[in-house]
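To keep things clear, I will list the structure first and then write my remarks on it.
The values are calculated or read from the model by the stated rules, or taken from the named source; none is laboratory data. As the structure is a prediction and not an experimental result, all values here were calculated from the model. Positions of Cβ are backbone-derived with ideal geometry, glycine not excepted, and every protein chain shown enters the neighbour counts.
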Amino acid sequence: MSPTSSPAAGSSLTAARRGRELTEATDGRVVDVLVVGLGATGAGVALDAAARGLDVVAIDAHDLAFGTSRWSSKLIHGGLRYLASGQLDVAHESAVERGVLMERTAPHLVRAQPFVLPLTGLVSRGQAALTWAGLRAGDGLRLTARTARATLPAPRRLTAVETRHMAPTLRPEGLRGGLLSWDGKLTDDTRLVTALARTAAARGARVLTRVRALELSASGARIRDELTGEEGEIRARAVINASGVWAGDLVDGIRIRPSRGTHLVLRAERIGPLPAGLHIPVPGETNRFVLVLPQDDGRVYVGLTDEPLDGPVPDVPEVPETDIGFLLDVLGSVLDVPVGRDDVVGAFAGLRPLLDTSATAAPGTAARTADISRRHAVLTSPDGVVSVVGGKLTTYRRMAQDAVNAAVTARGLSAGPSPTAALPLVGAAAPRALSALRAPRRLVQRYGTEAPAVHALAADEPRLGEPVVPGHPVTGAELVWALRHEGALDEADLLDRRTRIGLVPADRAEALEAVRGFVGEALALDG
């Protein structure tokens, strides 16, 4: 794609395309694969199947990245935590998939992020030595995954002065140095899901939001259009359930044990400049950290918790005050500036779709959710519905590949091996090509090769170059792009997923009227 080109052929998701393709999907034809769920895994499944030449329909009751995929730490982990707990296969898989994203499929969305672990009085010399050994082992994972040193620099020890340079907000008293490491950081998790969905669409997949699966079977689903209330049927040779924490609602016998991960949102000016993120050890834990994650939009995320969720699974999880208090307490153990409850301008929680294995555990040995394996599982029901559960954002591609492999085998579909480890997503290009694009750096990191086209909208209509909310970088051009090409249908899609303005309720309220105006203009043009 040239720097000034229009979107990749066939990749644009629009309201008109949705209506047309929903009609096609329910006209009685039999498609090869029906995918339920359009988070990272479901969108990855749609892309994997479509890239193998299969006829695909992918549906979600809400929007792209509506569930767990938009509530992550925005990190692409190399598997260090899993290495420490002895899950060598999971650690290696994570490192491999990190390299795939950073070097081949999405280098515009994933880049190296430095992290500092401050060595304070709360970290014993024994703990520091153990952590340093872990960081060296993590670098060994990078090597075995064949990720270039230029992509991820080596870990190293820092003096106290160097540590304060990388993280000026740290309290100097008792600081004896730090440990510097690197991992992958997403520009935004919803950007990844959107790119996956559009790349799948460019390969011929019908990507349909606001379509709820009411009943699933191995031959398709009874569905309802959530915009009109009309019901219909999608017939398919294979059905893949990728609905995350809701997987057990659609297929009997699947037991999910959701784990809540909470993040706080702070204004960056409250804690000062942060050239690097922070790993803050959780007191009393040997392998748990609170992460301080500076963002490019003037915000900082602090997370995360790992607590079991009891009761029904909500569409949008609430953040309990106990989680907020815990994160603030750990944060306060190392910062030189006080951060209180009033400084928390937003908070969000995601639910990890962990497979419940307690039925096979010995009595009285049920694991904490923090201890449950992050391995994914592909399960085939007695009647042939394939479900993919567990796992993590980093390994969505491998999860999708395994799910499609299972469906192809179970249903006798004709398809070759997965090509997605070498298939660039919409907007992807080599770093050198990305740096040559004539567009603001921030847009390049969100849209890749499409950044000049987004930027050109503001050149044609100057008002689109203005921020939607003062102090936040999202412009009207990005809203228009999302409505024209990224499947956004309403204000919530724009505020809460295509952009992340909505993570701060005050910013969301301030932007709402302007965003409604953009949606109204789009509807008028469609009409």
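Which of the residues spanning the range 381-420 are of a type in the set (G, A, S), farther than 13 Å from R52 by Cβ and surrounded by fewer than 15 Cβ atoms within 10 Å (Cβ to Cβ)? Scanning the range 381-420 gives a single hit, G412.
Whenever a residue of the range 86-113 is in contact (Cβ under 8 Å) with a residue 12 or more places away in the chain and of a type in the set (K, R), its partners that are buried (at least 22 other Cβ atoms within 10 Å of the Cβ) and in a helix (DSSP H, G or I), lying with C-beta atoms within less than 8 angstrom and at least six residues away or across chains, give the pairs R98/T394; R111/M102.
The condition (being without any contact (Cβ under 8 Å) to a residue 12 or more places away in the chain and surrounded by fewer than 20 Cβ atoms within 10 Å (Cβ to Cβ)) is satisfied by just one residue among R432, R442, R438, R463: R432. Does V504 satisfy the criteria of being buried (at least 20 other Cβ atoms within 10 Å of the Cβ) and over 23 Å from A15 (Cα atoms)? Yes. Among the residues of the range 240-255, write down those that are in contact with an Asp or Glu (Cβ under 8 Å, 6 or more places away or on another chain) and either farther than 21 Å from V404 by Cβ or without any contact (Cβ under 8 Å) to a residue 24 or more places away in the chain (or both). Result: R255, single match.
Only residues that are under 30 Å from the mean Cα position of the chain (by Cα) and not in a helix (DSSP H, G or I): list them for the range 120-156, please. Residues satisfying the conditions are A145, R146, T147, A148, R149, A150, T151, L152, P153, A154, P155, R156. Considering only the range 1-50, state which residues are within 23 Å of A238 (Cα to Cα), within 25 Å of the chain's Cα centre (by Cα) and surrounded by fewer than 24 Cβ atoms within 10 Å (Cβ to Cβ). R18 - this is the single residue of the range 1-50 that is within 23 Å of A238 (Cα to Cα), within 25 Å of the chain's Cα centre (by Cα) and surrounded by fewer than 24 Cβ atoms within 10 Å (Cβ to Cβ).
Scanning the range 380-394 for residues that are under 18 Å from D306 (Cα atoms), in contact (Cβ under 8 Å) with a residue 60 or more places away in the chain and either in a loop (DSSP other than H, G, I, E, B) or small (G, A, S) (or both) yields G391, K392. Taking the condition under 30 Å from R224 (Cα atoms) and crowded, with 24+ Cβ neighbours inside 10 Å, does S94 pass? No: the conditions fail for S94. Got at least one residue in the range 472-486 being among the basic types (K, R) and touching a residue at least 60 places away in the same chain (Cβ under 8 Å)? Yes: one or more hits.
If we keep just the residues of the range 59-89 that are in a helix (DSSP H, G or I) and charged (D, E, K, R), which is nearest to L13 (Cα to Cα)? This residue is R70. Between a residue in the range 294-308 that is in the same structural domain as V319 (by TED's automatic domain parsing) and among the acidic types (D, E) and any residue that is part of a loop (DSSP other than H, G, I, E, B) and surrounded by fewer than 19 Cβ atoms within 10 Å (Cβ to Cβ), which pairs come within a Cβ distance under 7 Å, given they are 6 or more apart or on different chains? As it stands, the answer is D297/H472; D297/P473, since those pairs meet every condition given.
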